[in-house]
Amino acid sequence: MTELPRSYADRDAVARTFDLFGFLSRYGTVIALVLLVAFNLAFTRNFATMQTLNVNLTQVCTIVIVAVGMTLVIATGGIDLSVGSLMAISGALAPMIFMGKILPIGSIYLGVAAAMIVSVLVAGLLGLFNGWLVARFRVQPIVATLVLFIAGRGIAQVMTNGNLQTFRVPEFQWIGLARPLDIPAQVIIMAVIVAAAAWALKKTLFGRCILAVGGNEKASELAGIAVSKIKLAVYGISGLCAGLAGLIVIAINSSSDANLVGLGMELDAIAAVAVGGTLLSGGKATIIGSLLGALTIQLVRYTLLANGVPDAAALVVKAGIIALAVWLQQQHRG
Amino acid sequence: MNRARLVRIIGTYGVLIALAALILFGFLRYDRFLSFYNVMTLLRYNSMFALVALGMCFVIMTGGIDLSVGSVAALGSVASALASPYGIVPGLAAGIGAGLAAGLINATLVTRANLMPFIATLATMQAASGSALLLAGNQTVSVSYESGFTAIGQGNFWTFPIPAAIAVVAYLIGSLVLNYTGTGRAVLAIGGGEDASRLMGLRTDRVKFLVYVASGGLAGLAGVILASQFGAGQPIEGVGWELFAIAAVVVGGTLLTGGSGSVVTTLAGVLLLGILFNVLNFENGMGWISLSAYWQSVIRGLFLLVVVLLQARLTRRRLNAL
């Protein structure tokens, strides 16, 4: 018993000293981002231009949008490996609709509207299917979403017979090419989604329920939270985000290749979420963090490429940064 | 009691029954299904996946996961292709060495830095992929045909494909280690409850360390076979292998939560997925249906879905029965 007060005192003493790891883990992503920008301002030619900003933002947009859905899924203690395949499905489906391959639609505006709504909804429904497997059958999220990871790209390839679909439809491609007020349209979409999700996670009952489920599922259930519904919802949202990202990718490319759209996206999104400071075990999540995480990874890659480092070496550096970021966060918790 | 036992038997041997049923179906339906050529080609090609799945099986039994196996295999294939002019042994050593090095990094990240296996091996996956591209100079590296290196992938041991023989030996060793050594039992104990295992005095970190190193080494070996079989080190091959391996392990009845599993049924899982493709090819050859290669992944996914749903039912019943 005499030990107890002393150990409390010790803990207070530790808390008073400057906690380097704690500081780094809380603000590490922001510090890294600031350092990267500073480095680039000093060494990379033509860095401080609108063009650099736009290039980086347009490249990171789809990762951020997918990462928002992924953050919500991970916040419940799950994971969604199927996002890349869902992007391929929505990317394959949309051109088939607005080019009239499924059924001829008279007005191009009607066709584009139908294409956007239907393909994003289909991706959302497939996301619900993931959620159904997780919530109803208690399949582990990795395995449940592995099903669509494998089958999903195959479905997209079967739909298009593996063929490239090319198109030039400005009525559709504004989603990736338009620049209202000189800001790329997809950056605006990304900002809206990030803001909405960050608000929902912090301020709404739904958001608090997501975190509660991730923190302690049993306790949440006993407290009367509809755990199954929450899980269905987050996987559905993740599907919707992936579907939208798929549309943006094909709009930028003016073509849709079911073999390539969204390939490897699940890993980019998970890396962004992890670097951003969301706990992979669930219960603690930050949407803004995921945004910063994605920006950091993107800027690392840009910095290396702009300074003549080959893409392959950039991959190795990126891997090191992901590991380091997650390790730093753990020091804080531990 | 009887019902519970029945459920347990189906859970363990379901994959073997399914495998037997699929083989019987193929045998009855297609003339050349069990022909010597078809069987040997099947075994030769699937030996790589079998090796990767074996490592994955051990990792999963400890409750972890190894996402890096695919790109580690690619790295191994490049390393062995570069070393292949010096002969079989340097080729093997380079490929397995590269795999072991990657496994060592995984093991260190998981046991020393306490990273979640998912993240640690995700990082290694990207690093290995980048290293493979750097080492290969962004292109495939053709192997030397003079040094005899291609025998590892293309040769026969009497009439049995050498890569398949390597896989069989690896599975024998894996089965012995799992069932008859302290380390093997510790693997399952850790997956069942890591804290409890540590409190009981098991050296959990050491066992986990070994498991990740072994998985890396096996992936490297798979890479050697890849380079040798196809005559080139391929830095961008191996995409999706980790998920194939996980699927095979799951189909084999090993729970992803760890703590239970079997080496033999994992091999059956690999064969089941491999034969499924084979049957599809034969079916196309019959001319009744014409499914493009793209259907393969759809069918593989559906198959995984069925297995997962069955497993979910079985495990729930098993829990109820206890």
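A few points about this structure:
- Qualifying position, being crowded, with 22+ Cβ neighbours inside 10 Å and over 27 Å from residue B:293 (Cα atoms), among A:139, A:112: A:139
- Some residue of the range A:232-249 being β-branched (Val, Ile, Thr) and closer than 17 Å to residue A:59 by Cα: yes
- Residues (at pLDDT below 75, closer than 30 Å to residue A:241 by Cα and either exposed (fewer than 14 other Cβ atoms within 10 Å of the Cβ) or polar (S, T, N, Q) (or both)) located in the range A:15-67: A:25, A:27
- All positions within the range B:107-148 that are within 7 Å of chain A (Cβ to nearest Cβ) and small (Gly, Ala, Ser): B:113, B:120, B:123, B:127, B:129, B:130, B:131
- Of B:177, B:207, B:213, all but one fail to be at pLDDT 90 or above, touching a Gly at 6+ places or on another chain (Cβ under 6 Å) and crowded, with 21+ Cβ neighbours inside 10 Å; the exception is B:213.
- Total residues in the range B:87-107 satisfying the condition of being at pLDDT below 90 and either at negative phi or among the aliphatic types (A, V, I, L, M) (or both): the figure is 1.
- On inspection, residue A:211 fails the criterion of being in a helix (DSSP H, G or I), surrounded by fewer than 14 Cβ atoms within 10 Å (Cβ to Cβ) and aliphatic (A, V, I, L, M).
- Within the range B:108-128, the set of residues being at negative phi and polar (S, T, N, Q) comprises B:108, B:111, B:121, B:124, B:126.
- Scanning the range A:300-334 for residues that are outside any helix (DSSP H, G or I), closer than 19 Å to residue A:40 by Cβ and at the interface with chain B (Cβ under 9 Å from one of its Cβ atoms) returns a single hit, A:310.
- Residue ID - farthest from residue B:310 (Cα to Cα), chosen from residues in the range A:133-151 that are β-branched (Val, Ile, Thr) and more than 7 Å from chain B (Cβ to nearest Cβ): A:145
- Filter result (over 13 Å from residue B:56 (Cα atoms), over 17 Å from the mean Cα position of the chain (by Cα) and not β-branched (Val, Ile, Thr)) within the range B:204-226: B:205, B:206, B:209
- Check on residue B:110, crowded, with 24+ Cβ neighbours inside 10 Å and modelled with pLDDT of 95 or more: no
- Selection from the range B:105-149 of residues that are aromatic (Phe, Trp, Tyr) and closer than 19 Å to residue B:233 by Cβ: B:145, B:149
- Total residues in the range B:251-267 satisfying the condition of being in a helix (DSSP H, G or I) and crowded, with 23+ Cβ neighbours inside 10 Å: the figure is 5.
- Options B:304, B:314, B:291, B:273: the member that is within 8 Å of chain A (Cβ to nearest Cβ) and either at pLDDT below 75 or surrounded by 18 or more Cβ atoms within 10 Å (Cβ to Cβ) (or both): B:304
- Against the conditions (1) touching a Phe, Trp or Tyr at 6+ places or on another chain (Cβ under 7 Å); (2) more than 21 Å from residue B:234 (Cα to Cα), residue B:91 satisfies every one except (2).
- Selection status of residue B:65, under 15 Å from the mean Cα position of the chain (by Cα) and not in a helix (DSSP H, G or I): yes
- In the range B:159-189, the residues that are more than 15 Å from residue B:261 (Cα to Cα) and in contact (Cβ under 8 Å) with a residue 12 or more places away in the chain: B:159, B:160, B:161, B:163, B:164, B:166, B:167, B:170
- For residue B:257, the stated conditions hold: it is polar (S, T, N, Q) and either touching a Phe, Trp or Tyr at 6+ places or on another chain (Cβ under 6 Å) or farther than 20 Å from residue B:72 by Cβ (or both).
- Whichever residue in the range A:214-241 is free of Cβ contacts under 8 Å to residues at least 60 places away in the same chain and not in a helix (DSSP H, G or I) and, among such residues, is surrounded by the most Cβ atoms within 10 Å (Cβ to Cβ): A:225
- Residue that is surrounded by the fewest Cβ atoms within 10 Å (Cβ to Cβ) [pool: residues in the range A:267-291 that are touching an Asp or Glu at 6+ places or on another chain (Cβ under 9 Å) and at pLDDT 85 or above]: A:270
- Qualifying residue in the range B:8-31 (condition: of a type in the set (Ser, Thr, Tyr), more than 21 Å from residue B:230 (Cβ to Cβ) and assigned to a helix (DSSP H, G or I)): yes
- Taking first residues from the range B:193-204 that are in contact (Cβ under 8 Å) with a residue 12 or more places away in the chain and partners that are of a type in the set (Gly, Ala, Ser) and not in a helix (DSSP H, G or I), the Cβ contacts under 8 Å between residues at least 6 apart in sequence or on separate chains come to B:193/B:259; B:194/B:63.
- When residues of the range B:141-160 are limited to those that are within 26 Å of residue B:66 (Cβ to Cβ) and out of contact with any Phe, Trp or Tyr (no Cβ under 9 Å at 6 or more places or on another chain), the one modelled with the highest pLDDT: B:141
- Qualifying residue in the range B:147-158 (condition: touching a residue at least 40 places away in the same chain (Cβ under 8 Å) and within 30 Å of residue A:311 (Cβ to Cβ)): yes
- Between A:158, A:192, the distinction of being in a helix (DSSP H, G or I), exposed (fewer than 14 other Cβ atoms within 10 Å of the Cβ) and free of Cβ contacts under 8 Å to residues at least 24 places away in the same chain belongs to A:192 only.
- Matching residues in the range B:84-104 - criterion: being in contact with a Gly (Cβ under 8 Å, 6 or more places away or on another chain) and not small (Gly, Ala, Ser): B:88, B:96, B:100, B:104
- Residues in the range A:242-264 that are in a loop (DSSP other than H, G, I, E, B) and surrounded by fewer than 24 Cβ atoms within 10 Å (Cβ to Cβ): A:254, A:257, A:259, A:260, A:263, A:264.
- Against the test of being under 20 Å from residue A:168 (Cβ atoms), among the hydrophobic types (A, V, I, L, M, F, W, C) and part of a helix (DSSP H, G or I), the options A:123, A:92, A:88 yield a single qualifying residue, A:92.
- Selection from the range A:39-54 of residues that are within 27 Å of residue A:177 (Cα to Cα) and of a type in the set (Phe, Trp, Tyr): A:47
- Filtered residues of the range A:115-136 (kept if crowded, with 17+ Cβ neighbours inside 10 Å, over 19 Å from the mean Cα position of the chain (by Cα) and among the β-branched types (Val, Ile, Thr)): A:118, A:134
The values are calculated or read from the model by the stated rules, or taken from the named source; none is laboratory data. On a predicted model such as this, the values are computed, not experimentally measured, just so you know. Because the Cβ atoms are built from the backbone with ideal geometry, glycine has one as well, and the counts that use them run over all protein chains shown.
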